[in-house]
Amino acid sequence: MAAPMIPAAKTASPRRLLMQRFAESPLAVLGLGTLLLLLGFAALAPWVAPQNPYDIGALEIFDSQLPPGSVSEFTGTTYWLGTDGQARDVLSAMLYGMRTSLIVAVTSVLGALLIGTTIGMVAAYIGGWVDAVLMRIVDLQLSFPAILVALVLLSVLGQGVDKVILALVIVQWAYFARTARSTAMVERNREYVLAARCLNLGSRRIIFRHMLPNCLPPLIVIATIDLAHAIAAEATLSFLGIGVPVTEPSLGMLIANGFEFMMSGQYWISFFPGMALALLILAINLVGDHLRDILNPRNAQ
Amino acid sequence: MLVFVINRLLQSVIVLLVMSVLVFVGIFLIGDPTAMLVSPEATDLERQMVREALGLDRSMLVQYLSFMGNALQGDFGRSFLTGQPALQLILERMPATFELVIVAMGFAVLMGVPLGMLAGMRPEAPSSRAIMALSIFGFSLPTFWIGLMLIMVFAVQLGLLPASGRGPTVEVGPLKLSLLTLQGWYHVALPALTLGLAKAALLIRVTRAATREVLPMDYIKFARAKGLPARRIFGVHLLKNIMIPILTVSGLEFGQAIAFAVVTESVFSWPGMGKLLIDSIITLDRPVVVAYVLIMVFFLVILNLVVDLLYMAIDPSSREKVRD
């Protein structure tokens, strides 16, 4: 049987409309462009970086602590952003570091989004004591500073990329649970949910196929802004020396490595990774802020 | 009102109990402390004796009760490193952290509230837009990053302010204070600015939102119609009415600032309890970590309670709501 014909839409499709509204803010477009550029560099780090910073054998130890723009006497390569204490090219280390930072942040936000949304929507749909207990746990967690919870968790779990991700998921899920619950509470009483219930559809299907798509916009906004928080949190933990291991340095750890050299005026080892970190966080915030403005139902009308 | 206070107190006690169980179970998850205390060549019998001496052979419930009993008497065990009682170590470092946090919060309020009022009074003016743009920087960039930049500019390039330590201290009874000396203020400047900037950014946003809500009210219009000078309208009528959200947020942020002092203290080698926590985590000095966590939980729960009660005291309408 042929699919029912859908008349050609005279008005723009929702996605098109969203893109148009997004393009209204030049600042947000600038943010998105910067973000995509940084993401591209991070993803392609092994191919675009002048040097593999993990390959200890390739490092010329006499090239350590060179200022930006120096040319190596041994290999003839130019260190555009200088070298660090172990003769690593700062630019290459930065590109690889951004990769680690982004992997940790994106994975932890997705994990928290998945777990938090599920818990929040189930709480809203079932209600009663399940809802009460789950939301008390959320309140309890949100009343403690995230950075402290993550610190204590990592002191129990130990170091490692997977452990940082786990700690960040535990710290972040509650925000998503709260948002998912509050939007699902509104959706729960809409007619389409009642209709689905009348058709005797299963709870799982109603929650995830019918309610979830309608609850997504605020969750996407929170997830975007939370990505910036996750990057900042990971950088902070790694800067303190209890985040990612030395073998997979993130931006935060690179900044920490350069910290001791900064006092003697060798600013570039910390400064450039620091700038990359700031740029990343600000770009995400510009995109997230504008998304919030256009996806907020109060502003849309 | 009384029912609310009792209810709120009960809630706080429950939170404290839940957290103490979580921390206790956390210690169990980390594993068997005997592995740290006996030599690797010890026989099984020796291990067994250590376990019995530490009371680890008893049931979980008995162990929890004795752990709580000791904790309530202020006994959190001794540091593995120095052998001093963990509580004493933390209490010794507490004044330094409080000095830092109080100066930082003072700075945040003195800077955040006037700027927030300015931004709220003329939301479309270029100066207001600039204030809001700067506040985004203040609260999205990580604390340690701001600290690093301040060190680079003020300590390394300009050489104006010290970047580490607390300076000389003056003993006042059992407390060692550094703010009583000029050197102490020099030393606290950069760390407090680092910690305070993010809080100032938040207060700017809260104050701005509150100002925009209050400005269209009739009593402000009436005050204007009466011909009161602007200073009186904004300094008395407006300020009084935006005080509630500002006080609530400042109170809650005070707790957050103590937690974030962990980061600031590490950047500036500030000898407070936050730096002690990081050092203890890195050296696996578990009793100190546990003591710090329990003390912080206790402090945060009390702080939340006090903020809630203060809120009731200054906002009569919230008392009405509770009575209904």
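The values are calculated or read from the model by the stated rules, or taken from the named source; none is laboratory data. Predicted model, so just to flag it, every value in this text is computed and none were measured. Cβ placement follows ideal geometry from the backbone for every residue including glycine, while neighbour counts extend to all protein chains displayed. These area figures cover heavy atoms from the full protein model, side chains too; ligands, DNA and RNA do not enter into them. Shrake-Rupley method; radii C 1.70, N 1.55, O 1.52, S 1.80 Å.
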When only C-alpha pairs under 8 Å and at least 6 residues apart count, what is the relative contact order of segment A:171-289, in percent? 22
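Carbon-plus-sulfur fraction of the accessible area of the protein assembly as shown, 1.4 Å probe, in percent? Kindly include the intermediate steps, with their values, before the conclusion.
Working: 21300 of 31830 Å².
It is 67 percent, rounded to a whole number.
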How about segment A:248-265: which of its residues lose at least 20 Å² of accessible area in the presence of all protein chains relative to their chain isolated, using a 1.4 Å probe? A:ILE255, A:PHE259, A:MET262, A:MET263
Any idea how far the Cα center of segment B:239-284 sits from the one of segment B:73-134, in Å? 5
Please report the orientation-averaged projected area of the protein assembly as shown, defined via the convex hull of its C-alpha atoms, in nm². 39.7
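What does the charge add up to near B:LEU45, with Lys and Arg as +1, Asp and Glu as -1, over the other residues with Cβ less than 14 Å from its Cβ?
-3
Let me know the number of lysine pairs in chain B closer than 26 Å at the Cα, not counting same-chain pairs under 8 apart.
On the way: B:LYS176/B:LYS275; B:LYS199/B:LYS240; B:LYS199/B:LYS275; B:LYS221/B:LYS240; B:LYS226/B:LYS240; B:LYS240/B:LYS321.
Taking chain B as the scope, the lysine pair count is 6.
Per the helix-only calculation at 222 nm, which mean residue ellipticity applies to chain A, given -39500 (n - 2.57) for every DSSP H run of n ≥ 4 and division by its residues, nearest 500 deg cm²/dmol?
Values: 12 runs with 204 residues, N = 301.
Calculated mean residue ellipticity at 222 nm is -22500 deg cm²/dmol.
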Most mobile of B:PRO123, B:PRO271, B:PRO174 per a Gaussian network model of chain B (Cα springs, under 10 Å)? B:PRO174
As I understand it, the dipole of the protein assembly as shown uses +1 on the Cβ of Lys and Arg and -1 on the Cβ of Asp and Glu, about the Cα centre. Which of B:MET68, B:PRO114, B:VAL153 lies farthest toward its positive end? B:PRO114
If I ignore ligands, DNA and RNA and count only protein heavy atoms, how much of A:ARG136 is accessible to a 1.4 Å probe, in Å² to the nearest 10? 150
By accessible area of protein heavy atoms, probe 1.4 Å, what ranking do B:VAL156, A:VAL221 get, highest first? B:VAL156, A:VAL221
Would you compute the Debye intensity of chain B from its alpha-carbon atoms alone, equal scatterers and no solvent, and pass along log10 I(q)/I(0) at q = 0.10, 0.11 Å⁻¹ to two decimals? -0.76, -0.88
B:ILE136 versus B:MET243: modelled label distance in nm, points set 7 Å from Cα along the beta carbon direction: 3.4
Over chain B, average the accessible area per residue using a 1.4 Å probe and give it in Å², no decimals. 52
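Hey, could you get me the Stokes-Einstein D for chain A, Kirkwood radius over alpha-carbon pairs, 4 °C and 1.567 mPa s, rounded to whole µm² s⁻¹? Each step should come with its number before you reach the end.
Working: Rh = 21.8 Å.
D, rounded to a whole number, is 59 µm²/s.
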If you roll a 1.4 Å probe over the heavy atoms of the protein chains, what accessible area per residue do you get for chain A, in Å²? 50
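If I stretch the segment between A:ASP55 and A:LEU194 completely, what's the gain in nm (0.36 nm per residue apart, minus their alpha carbon distance), one decimal? Show your work: numbers first, answer last.
On the way: separation 139, 0.36 × 139 = 50.04 nm, distance 6.05 nm.
Contour length minus the Cα-Cα distance gives 44.0 nm.
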With the contact rule set at Cα under 8 Å and sequence spacing of 6 or more, what percent relative contact order holds for chain A? 23
Please give, to one decimal in nm, the separation of the simple spin-label points placed at B:LEU61 and A:PHE208, each 7 Å out from Cα toward the Cβ. 3.9
Counting only the heavy atoms of the protein chains, how much of B:TYR219 is accessible to a 1.4 Å probe, in Å² to the nearest 10? 90
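Would you calculate, for chain B, the mean residue ellipticity at 222 nm contributed by helices, counting each DSSP H stretch of 4 or more residues as -39,500 (n - 2.57) and dividing by all residues, to the nearest 500? Kindly include the intermediate steps, with their values, before the conclusion.
Details: 13 runs with 233 residues, N = 324.
The per-residue figure over chain B is -24500 deg cm²/dmol.
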The protein assembly as shown - charge dipole about Cα centre, Lys and Arg +1 at Cβ, Asp and Glu -1, debye rounded to 20: 2960
Kyte-Doolittle mean at least 0.5 and Cα axial length at least 24 Å: DSSP H helices in chain A: A:26-43, A:90-126, A:161-188, A:212-239, A:268-295
B:TRP185 accessible area, assembled protein chains, probe 1.4 Å, Å²: 120
Roughly how big is the B-A contact, given as buried accessible area in Å² (both sides, 1.4 Å probe, nearest 100)? 3000
Which residue, chosen from A:TRP173, A:ASN52, A:HIS229, occupies the Cα position most advanced towards the positive end of the dipole of chain A, where the dipole is computed from +1 (Lys, Arg) and -1 (Asp, Glu) charges on Cβ about the Cα centre? A:TRP173
In vacuo Debye sum over C-alpha of segment B:213-277, base-10 log of normalised intensity I(q)/I(0) at q = 0.21, 0.22 Å⁻¹, listed in q order, is -0.80, -0.85
Inter-chain shielding metric for A:228-237, i.e. average beta-carbon neighbours from other chains within 10 angstrom, reads 3
